[in-house]
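Q: Quick one: the structure is below, and I'll ask about it shortly.
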Amino acid sequence: MSESDVKLKVRNVLPWIRRATQAGMLAVLGQWSFYGIFRCPFLVPFVDCQNCPVITCWGRITTLFWGFWLFLPLSAILFGRAFCGWLCPGGLVNQMIGKIAIFKLRTRNPLLKIAPLGLGVGLAVALFLWLGYHNPRSMVPIRVGEFWSAIRLSFEHASPFWLTRTFVVLGLVAAGLIVANLWCRFACPTGGLMELVKRIALFRVFKTSACNDCNACLRVCEMGTRPDEVNCTNCGDCLKICPVDAIQFGRKKK
């Protein structure tokens, strides 16, 4: 078997490996993600777990909390936004919703170039609430009776700030039924932070000088982008689609 045949086999199986990895991370971090939206008493979830009264949340596991926040920047330095495309439980949920979205937005136009600025807005809002507003506890999680009944009671006793935050997030995720991956592409604070860090990433999916701008990669990309451009998550789905083999993975030479 030639080297090109091996490379083609790897590229064909890569999407399956990615889905399996995402499913595994959903099993590991899915409960934490769920609690972050529905049960976390803080306006900005996932950042004050060590002070959280919800003892059933996985974020209370010290090694998981600190391990995650040490792993995330390291992964961004090594592989850019690969966490978004390979590991994030929320990313998997949004991608599954995006499969049936009305608008995929896999084209190039000026509006789509501006829209990712929403990632910066989301990051700025999260940083303000966390560092500037000191991320107050705005909901008292009530854990009595059945699971869903407890969540309902928590919503009933939450502050307007917490309810606003929660319904905005849920609304943006639900809007993914209209615009594919709307949350991940245009609003996610973590994605916005990693978008900044990925500029120094050591390894990435990138276009070579052989690229003829046919945009075949853009049309297959769940994030509606091209390799090494805004919102590229190094998922690798485009590696097998390029007709001139102009997409590579590794160290990009300057």
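Q: For the chain, report the accessible area per residue in Å² (1.4 Å probe, heavy atoms, rounded to an integer).
A: Averaged over the residues of the chain, the accessible area is 54 Å².
Q: Which entry in (1) 12.5; (2) 15.2; (3) 14.3 is this structure's computed mean projected area of the Cα convex hull in nm²?
A: After the calculation, the listed value that fits is (2).
Q: While we're here: To make sure I understand the rule: partners must be aspartates and glutamates, Cα under 14 Å from the Cα of Lys198, and not fewer than 8 residues away in the same chain. Which ones qualify?
A: By straight Cα distance, Lys198 reaches Asp228, Glu229.
Q: Springs between alpha-carbon atoms under 10 Å, Gaussian network over the chain: tell me which of Lys104, Lys113, Lys198 tops the mean-square fluctuations.
A: Lys113
Q: Quick one: how many Å² of Thr62 are accessible to a 1.4 Å probe, rounded to 10?
A: Spelled out: Thr62, probe radius 1.4 Å, area about 90 Å².
Q: I'd like the orientation of helix 3-38 relative to the chain: the angle between its Cα long axis and the longest Cα principal axis, in ° from 0 to 90, rounded to 10.
A: The answer is roughly 10 degrees.
Q: Distance cut-off 29 Å, Cα to Cα: go down the list Lys99/Lys207; Lys104/Lys253; Lys104/Lys240; Lys113/Lys207 and report the pairs above it.
A: Long pairs (Cα-Cα over 29 Å): Lys104/Lys253.
Q: Carbon and sulfur: what percent of the chain's accessible surface (1.4 Å probe)?
A: 71 percent
Q: Could you order Arg81, Arg60, Arg251 so the one with the most accessible surface comes first? Probe is 1.4 Å.
A: Result of the area sort, largest leading: Arg251, Arg60, Arg81.
Q: While we're here: Compute the distribution of all C-alpha to C-alpha distances in the range 137-221, in bins of 5 Å from 0, and list the percent of pairs in each, rounded to whole numbers.
A: 3, 11, 12, 13, 15, 14, 10, 6, 7, 5, 3, 1, 0
Q: Mind telling me which of Asn231, Asn94, Asn109 comes out most flexible in a GNM of the chain, alpha-carbon contacts under 10 Å?
A: Top of the fluctuation ranking is Asn109.
The values are calculated or read from the model by the stated rules, or taken from the named source; none is laboratory data. Given the structure is predicted, the values throughout are model-derived calculations rather than measurements. To get the accessible areas, we keep the full protein, side chains included, count just its heavy atoms, and leave off ligands, DNA and RNA. Shrake-Rupley method; radii C 1.70, N 1.55, O 1.52, S 1.80 Å.
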